[in-house]
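Okay, structure first, notes after.
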Amino acid sequence: MVENEKVILSGMRPTGRLHLGHFEGALKNYLQLQAEGVLCYFMIADFHALSSEYKTPEVVKENTRELLLDWLAVGISEEHAVIFVQSDVLEHFELFTVLSMITPLAWAERCPTYKEQQQELPDRDLATYGFLGYPILQAADILLYRATHVPVGQDQLPHLEMTREIARRFNHFYGPVLSEPQSLLTASPKVPGIDGRKMSKSYGNTIMLSDPDQAIERKIMQMYTDPQKMRASTPGNPDNCVVLALYRMYAPEEISGIESECRAGGRGCVDCKRGLIPVLHKVIQPIRNEREHWAERPEELEEILKSGAIIARERARGTMQMVRKAMQWRNEINSK
Ligand code: TRP
């Protein structure tokens, strides 16, 4: 089926509060898309989180709220996007089951993220049927909304490819119903964590969007700088310094002066770090304030998810009707 309209679907797993890396890598992208007026579905993928966090479902539930707060805090808005929770739309599970029937086991088993995640999370038992089905559930998410574009990071490309393969297989068996989505990769700056590695929760090197001022200050003072620069007067290498990388991102107007001073040995790392404090405060404080604003309004949060689910469900139901029709399956479901 050909639809001309651009439709975006993306999701995040609720596994904890978001950090600056998420902000630069994914959220700014979401904001840009919603600002363009494109139809956007932004989904909290709670069942995807459950596939690895099944021992602590109550934590997934709490993190669903945290993720919503982070989204609203950065400016994702129900006025411009459909914000919803995966498990509020039962059609995900129906399509997931249908797609599971037609997906060869080998496709699921060869998906690189399956083995990678098992290695990355050795304290979880991920040798489960549900975890193997992770990319198939993701395919259901995407195909259910007839998404044309899916903004994702590089790591998700195998899942997108598998989504397209599953859509083709469905269409081959039952007729042209499911549209193949494209990935939307946008170049975004890599945010270094305070230790110089990629910012990531598993490295414990993050600056959270909800960090209080003191935490930000403490983290800045711990930041990795050029290890060769022993004294303030030693010339430094700005390419090898987290502090400078963050100035580059958030105070671009100051960076050339700072860099040349650093190279010339006219600038000590401690002073340099102190100067970064107000720069990062200016980034985080408005986000944190907005987060606090929403945190005090639990009924409004509920309302946002409720109306998001209603809109999402409507589109999902439409797709399932087409799916059942193509399969010549029963169309009236006795759900009452
Ligand atoms: N697997 C994605 C991630 O870990 C989250 C996700 C679930 C998703 N369903 C999706 C992303 C659908 C895009 C589209 O980041």
Residue among 25, 11 that alone is within 16 Å of the ligand (Cβ to nearest atom), surrounded by 16 or more Cβ atoms within 10 Å (Cβ to Cβ) and not in a helix (DSSP H, G or I): 11
Residue pairs, Cβ under 8 Å, 6 or more apart or interchain, first in the stretch 35-58 and within 17 Å of residue 85 (Cβ to Cβ), second in a helix (DSSP H, G or I) and of a type in the set (Lys, Arg). List them. 41/315; 46/61
Looking at the stretch 67-88, is at least one residue more than 14 Å from the ligand (Cβ to nearest atom), modelled with pLDDT of 95 or more, β-branched (Val, Ile, Thr) and within 20 Å of residue 186 (Cβ to Cβ)? yes
Given the residues 47, 42, which is the only one that is within 13 Å of the ligand (Cβ to nearest atom) and out of contact with any strand residue (DSSP E or B) (no Cβ under 9 Å at 6 or more places or on another chain)? 47
Say we look at the stretch 200-231 and pick out the residues that are free of Cβ contacts under 8 Å to residues at least 40 places away in the same chain and under 18 Å from residue 288 (Cα atoms); which of these is least open to solvent (accessible area, probe 1.4 Å)? 215
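Quick grid of which residues meet (1) surrounded by fewer than 15 Cβ atoms within 10 Å (Cβ to Cβ); (2) more than 15 Å from the chain's Cα centre (by Cα):
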position: 39; (1), (2): no, yes
position: 70; (1), (2): no, no
position: 116; (1), (2): yes, yes
position: 123; (1), (2): yes, yes
Counting residues that are touching a Pro at 6+ places or on another chain (Cβ under 9 Å), which helices (runs of 4 or more DSSP H) fully inside the stretch 121-198 reach at least 1? 134-144, 157-174
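Here's the yes/no breakdown for (1) without any contact (Cβ under 8 Å) to a residue 12 or more places away in the chain; (2) at positive phi; (3) of a type in the set (D, E, K, R); (4) open to solvent by 20 Å² or more (accessible area, probe 1.4 Å):
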residue: 256; (1), (2), (3), (4): yes, no, no, yes
residue: 260; (1), (2), (3), (4): yes, no, no, yes
residue: 263; (1), (2), (3), (4): no, no, yes, yes
residue: 271; (1), (2), (3), (4): no, no, yes, yes
residue: 284; (1), (2), (3), (4): no, no, no, no
residue: 287; (1), (2), (3), (4): no, no, no, no
residue: 294; (1), (2), (3), (4): no, no, no, yes
residue: 297; (1), (2), (3), (4): yes, no, yes, yes
residue: 301; (1), (2), (3), (4): no, no, no, no
What pairs come out if I take residues in the stretch 9-22 that are among the polar types (S, T, N, Q) and pair them with residues that are modelled with pLDDT of 95 or more and near the ligand (Cβ under 6 Å from one of its atoms) whose C-beta lies under 8 Å away, six or more apart or interchain? 10/150
Within the stretch 138-147, track down each residue that is more than 6 Å from the ligand (Cβ to nearest atom) and open to solvent by less than 30 Å² (accessible area, probe 1.4 Å). 139, 140, 143, 144, 145, 147
Among residues of the stretch 148-171 being near the ligand (Cβ under 10 Å from one of its atoms) and more than 19 Å from residue 323 (Cα to Cα), the residue most open to solvent (accessible area, probe 1.4 Å) is 155
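The values are calculated or read from the model by the stated rules, or taken from the named source; none is laboratory data. This structure is a prediction, so every number in the text was calculated from the model and none was measured. All Cβ positions, glycine included, derive from the backbone under ideal geometry; neighbour counts span all protein chains shown. The accessibility values were calculated without ligands, DNA or RNA, using every heavy atom of the protein model including side chains. Shrake-Rupley method; radii C 1.70, N 1.55, O 1.52, S 1.80 Å.
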